[in-house]
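**Q** Mind having a look at this structure? Questions to follow.
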Amino acid sequence: MVSEQTCTLAAIDIGTNSIHMVIVEIDKTLPAFTIISREKDTVRLGERDPKTGNLTEAAIARSLASLRRCKDLADSFNVEQIIAAATSATREAPNGLDFIWQVEEQIGITINLISGYEEARRIYLGVLSGMDFQEKPHVIIDIGGGSTEIILADSVEPRFLSSTKVGAVRLTNEFITTDPIDESELTYLRAYVRGMLERPIDEVKRKLKPGEIPQTVGTSGTIETLVGIHAIQTLGELPSPLQGYQMSRKDLKDMVKKFVSLTYEERVDLSGMSEKRAEIIVAGAVILLEAMTMLDLETITICERALREGMIVDWMLSHGLIEDRLSFQTAVRQRSVYKIARKYQVDLGYGETVATFAVSLFEQLAGVLHDWEKSDQELLWSAAILHNCGVYISHSSHHKHSYYLIRHAELLGFTEIEIETIANIARYHRKSTPKKKHDAYSKLPDKYRKRIKQLSAMLRIAVALDRRQIGAIKEIDCKYDEEYKKLHLHLIPSNSQDDCALELWNLDYKKVVFEDLFDVKIVATVESQLVPN
C-alpha cells in the first residue's frame, strides 16, 4: 500500500463493444475515490463466428492488445490491484472461458465473469456513488453492446435488476443490413426491442409504489453519445463534465428520426459521433427510445459512472471501507443466498447447522490441512446453506438438481466462476466424488477443481454430523496429530445423554473421501462417551 489512508486501484470493464479502464485513488478515511485516469478502446469482442458462436481470433487478438495497454498504464500508476469483469460477449461465447484463461496466462490479469444481474447490481452501485438519489426511486438504463440493463432502485437498495439481450452491437449485427436502414427493418427492429423489454419493464412498473414517479438515469457509451450529440446541437459545445445533463424523450425521438434517414458516412459527419459508434448508434438509439416510451419517461439524466465505478464500490464494500448509506449492500452475498434458499424451500435450520459445521472445520483446519482463503470459506458457507435445495425438484439425485438450481440462480455479489464453484461444492456433498468425466467440473482449471474437491469433502463431513437433522451435535473441536496423520474430531452433543450413534455411523461412511483427499485418518469421539457414569 502507498499509505495507510490511500490506495490506488484499476477497474477494467470488458464489454461486447469496448474495453474500459478507470484508475482511482481511494481515500480510506472518507471513504471515497477520485478518478485519476481513464482508458477506452473499441475492440468489438462481441464479433463472433456465425457458425460456432465463438469469439473470433481477430476479436481476441484486439482485446489482448488492449488489455496489455491497460496493464502497462495501470503499472505506470503503481496500482495495488487490477480488478476486471467481463460481460455478455464473453459470457455467451463457447470459448469465453478460454479467452479468460488466455488473458490470465499471457497478461496476468484475472477476469471475473459476471452474470447480467450482477452487472446490473454493480451499475447501480456505480451510479449511486456519483448521484444523490434524494430518497427518490430511480430507473437506471444502461445500453451496452450485447445487453441492456434496466434497474429500479432507491438510495437503499435495488428493487429490481434486469439484463436483457438487446444491445447496440448485437441488434446491428442481427437486424440491420441496409444503409440507411429501410422501413421494414426499422419496424421489425422496434417490434423486437419492445418484445424483449416487455417483461423487465412490466416488472419495473409493478415494483413502483402508488404515486411514485421515478427519475431516469442513463449510463455508458451509447447514451453518453446520444446526450453528447444533443448537447452539441443545443448548446454548441460538449459540456465537461457531461454528468447531470438532461435530454427529453421528444428530442430523442427527433434524433432517432434523423439517424434512420442518414447513411453511415453521414452519421460519422455529425459532431460528437465517432466512426465506431456511428455503426451501431441506430440500434442503440431505438433501444433507448422504446424503453423510455414503454416506461412513460419524459426525460433522462446522464450519469458518467457505471459498471467500472460500481466495481470499485463493490471492492470497497467487500474490504470493509464503506459502512454508511451503502451498508445494506455489504451483506448482498448472504442475503442473496438466503433469498434463493427460501425460493427453493430449504430447511434453513438444518442448512445453517451444516453451514456452521462446515465453516468450523474450514477455520480449524486452515493452515493445517488447507491454505484456502476467507473468500473460499464464504463459498463453502453458501454451498452448505443451499446443498439440499435440489430436493425442491426431487429427492432422487437431489445433489445434481442442487447444482442446476444454484448454477442458474440469481446469486448476487458473486462472479460466474464463484457461482460455478458453489454449485459444484453442493453437487458433490453426496454420492460421486468430482470426476473429469463430469462436464461442468472438467472444464474448470486445476486450481478450481482442487478447491471444489477439498471444500466438498468438508461439506460431506458437515452433512454427516447432522444426519438426523435435529442438531444433535452442538460443536466440533478438531485436533490434528501430524506424526500419526490423525484428525481427532471431538464432538460435543446438544444432549449429554445422546450417544449420536447415527451421526457417528454416517461419519464413518462419509469420511473416506476426506481421508483419501487429505491423507489423514479421522477419529471421532462424542463427549458424553468420555464422561464416566
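The values are calculated or read from the model by the stated rules, or taken from the named source; none is laboratory data. Values in this document were obtained by computation on a predicted structure and should not be read as measured data. Every residue, glycine as well, gets a Cβ built from its backbone with ideal geometry; the counts of neighbours run over all protein chains shown. Note: areas computed on protein heavy atoms with side chains; ligands, DNA, RNA excluded. Shrake-Rupley method; radii C 1.70, N 1.55, O 1.52, S 1.80 Å.
**Q** Please enumerate the residues belonging to segment 413-470 that are of a type in the set (Val, Ile, Thr) and either open to solvent by 20 Å² or more (accessible area, probe 1.4 Å) or touching a residue at least 60 places away in the same chain (Cβ under 8 Å) (or both).
**A** If the condition is that a residue be of a type in the set (Val, Ile, Thr) and either open to solvent by 20 Å² or more (accessible area, probe 1.4 Å) or touching a residue at least 60 places away in the same chain (Cβ under 8 Å) (or both), then 415, 417, 419, 433, 461, 463, 470 are the ones that fit.
**Q** Does segment 209-217 include one or more residues that are within 23 Å of residue 138 (Cβ to Cβ), of a type in the set (Gly, Ala, Ser) and part of a helix (DSSP H, G or I)?
**A** Taking segment 209-217 first, the residues within 23 Å of residue 138 (Cβ to Cβ) are 209-217.
Imposing the further condition that a residue be of a type in the set (Gly, Ala, Ser) reduces the set to 211.
So of that shortlist, the ones also part of a helix (DSSP H, G or I) come out as none.
No, because not a single residue in segment 209-217 is within 23 Å of residue 138 (Cβ to Cβ), of a type in the set (Gly, Ala, Ser) and part of a helix (DSSP H, G or I).
For (1) free of Cβ contacts under 8 Å to residues at least 12 places away in the same chain; (2) open to solvent by 20 Å² or more (accessible area, probe 1.4 Å), each residue gets a yes or a no:
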| position | (1), (2) |
| --- | --- |
| 36 | no, yes |
| 45 | no, no |
| 49 | yes, yes |
| 52 | no, yes |
| 64 | no, no |
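**Q** Could you tell me whether residue 235 is farther than 24 Å from residue 147 by Cβ and at pLDDT 95 or above? Step through it out loud before you land on a result.
**A** Numbers: farther than 24 Å from residue 147 by Cβ: yes; at pLDDT 95 or above: no.
No: the conditions fail for residue 235.
**Q** Still on this structure, I have one more. Considering only strands (runs of 3 or more DSSP E) fully contained in segment 101-187, which possess at least 1 residues that are without any contact (Cβ under 8 Å) to a residue 60 or more places away in the chain and in contact with a helix residue (DSSP H, G or I) (Cβ under 8 Å, 6 or more places away or on another chain)?
**A** Working: elements: 111-113, 138-143, 148-153, 158-164.
Strands (runs of 3 or more DSSP E) meeting the threshold: 148-153, 158-164.
**Q** Something else about it: Enumerate the pairs (first residue in segment 213-231 and over 23 Å from residue 268 (Cα atoms); second residue anywhere and surrounded by fewer than 20 Cβ atoms within 10 Å (Cβ to Cβ)) with beta-carbon separation below 6 Å, excluding pairs fewer than 6 apart on the same chain, so at least 6 apart or on different chains.
**A** 214/137; 215/136; 216/297; 217/301
**Q** Still on this structure: Among the candidates 204, 193, 227, single out the residue that is under 21 Å from residue 147 (Cβ atoms), of a type in the set (A, V, I, L, M, F, W, C), open to solvent by less than 50 Å² (accessible area, probe 1.4 Å) and within 24 Å of the chain's Cα centre (by Cα).
**A** Every option except 204 fails the conditions.
**Q** Continuing with this model, one more query. Which pairs do you get when a residue that is closer than 20 Å to residue 259 by Cβ and open to solvent by less than 60 Å² (accessible area, probe 1.4 Å), found in segment 233-245, comes within reach of a residue that is among the β-branched types (Val, Ile, Thr) and outside any helix (DSSP H, G or I), reach meaning Cβ atoms under 7 angstrom, with the pair 6+ apart or on two chains?
**A** Between residues of segment 233-245 that are closer than 20 Å to residue 259 by Cβ and open to solvent by less than 60 Å² (accessible area, probe 1.4 Å) and residues that are among the β-branched types (Val, Ile, Thr) and outside any helix (DSSP H, G or I), the close pairs are 242/302; 245/302.
**Q** Separate question: Quick check: anything in segment 42-49 part of a strand (DSSP E or B), modelled with pLDDT under 95 and of a type in the set (Gly, Ala, Ser)?
**A** Of segment 42-49, the ones part of a strand (DSSP E or B) are 42, 48.
Going one step further and asking which of them are modelled with pLDDT under 95, we end up with 42, 48.
Next, only the ones that are of a type in the set (Gly, Ala, Ser) stay: none.
No.
**Q** For residue 265, all conditions in the list (1) in a loop (DSSP other than H, G, I, E, B); (2) over 26 Å from the mean Cα position of the chain (by Cα); (3) free of Cβ contacts under 8 Å to residues at least 40 places away in the same chain hold save one; what is the number of the exception?
**A** (1) is the only condition that residue 265 fails.
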